[in-house]
Amino acid sequence: TGPPMRFGWQRAGAGWCPRSLTVPRVIRRDWGALHNLSKCHAPRALLKFLFLSKKRGSEVTRMTIDQIDFERGIWTITGDMNKSKREVRQPLTPLMLAIIREAMGERTQGHVFISVYGNKVVPQDAQLHQWLCEFAQCPYISTHDYRRTISSAMEDMGIPARVISLTE
């Protein structure tokens with residue numbers, strides 16, 4: 001049989017299991033671990049933004065300062081930067097804007113999330129997530145699984161699947 005009619009399920013043995021964090025204490029533990037990564041400013045900011053935005057890691061790592069409209073709270077993701085090949089306008093919450101401003105520091109151009117060593121873009125990869133999970137003492141969960149968590153929460157709130165798919 002196929003998966004339940006919900007976003008974010010994956011095959012597990014002979015059945016299906018959710019690919020989302022459903023226990024609030026686990027979500028709080030992961031978020032809390034980010035706050036304790038004091039010496040890792042750039043990766044911390046990148047992961048926070050990823051968890052809040054429901055965007056792909058490649059889109060977030062390639063975000064540039066000129067794509068952000070701070071007055072309107074909009075991030076314009078160009079078609080060449082996303083899987084759908086179409087321009088997407090991502091609304092930004094006050095917390096997301098604060099994370100961007102913190103990551104930018106005094107800079108006015110270039111990528112938003114860069115390391116302090118040579119202005120290199122912070123890599124968003126499985127090692128970074130593994131490191132966070134080890135720090136939080138929790139099982140591994142990928143960026144994609146966090147995206148599924150947001151989709152599942154939107155579905156639980158009654159948002160139609162066609163609307164949720166527009167946020168992909």
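The values are calculated or read from the model by the stated rules, or taken from the named source; none is laboratory data. It should be emphasised that the depicted structure is a prediction, and the values quoted were computed from it without experimental measurement. Here Cβ is always computed from backbone atoms with ideal geometry, including for glycine, and neighbour counts include all displayed protein chains. Only protein heavy atoms, including side chains, enter the accessible area calculation; ligands, DNA and RNA are left aside. Shrake-Rupley method; radii C 1.70, N 1.55, O 1.52, S 1.80 Å.
Can you confirm whether ILE99 is closer than 26 Å to GLY32 by Cβ, modelled with pLDDT of 90 or more and touching a helix residue (DSSP H, G or I) at 6+ places or on another chain (Cβ under 7 Å)? Walk me through how you get there before you give the answer.
Details: closer than 26 Å to GLY32 by Cβ: yes; modelled with pLDDT of 90 or more: yes; touching a helix residue (DSSP H, G or I) at 6+ places or on another chain (Cβ under 7 Å): yes.
Judged against the criteria, ILE99 is a match.
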Next item on the list: Hey, can you tell me all the residues within the range 55-67 that are open to solvent by less than 10 Å² (accessible area, probe 1.4 Å) and either among the hydrophobic types (A, V, I, L, M, F, W, C) or on the phi > 0 side of the Ramachandran plot (or both)?
Entry: VAL60, MET63
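Quick one: which of PHE113, PHE70 is aromatic (Phe, Trp, Tyr) and open to solvent by 20 Å² or more (accessible area, probe 1.4 Å)?
On the way: PHE113 fails: open to solvent by 20 Å² or more (accessible area, probe 1.4 Å).
Among PHE113, PHE70, only PHE70 is aromatic (Phe, Trp, Tyr) and open to solvent by 20 Å² or more (accessible area, probe 1.4 Å).
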Notebook entry, point to check: Which of the residues that make up the range 40-91 are within 24 Å of ASP145 (Cβ to Cβ) and of a type in the set (Gly, Ala, Ser)?
Noted result: ALA42, ALA45, SER53, GLY57, SER58, SER84
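Kindly indicate the residue of the range 77-95 that is of a type outside the set (A, V, I, L, M) and surrounded by 14 or more Cβ atoms within 10 Å (Cβ to Cβ) and also nearest to the chain's Cα centre (by Cα) among those meeting that condition. Break it down into steps so the answer makes sense when it comes.
Within the range 77-95, the subset of a type outside the set (A, V, I, L, M) is 78-80, 82-87, 89-91, 93-94.
So of that shortlist, the ones also surrounded by 14 or more Cβ atoms within 10 Å (Cβ to Cβ) come out as 78, 82, 90.
Numbers: THR78: 17, ASN82: 14, GLN90: 12 Å.
My answer is GLN90.
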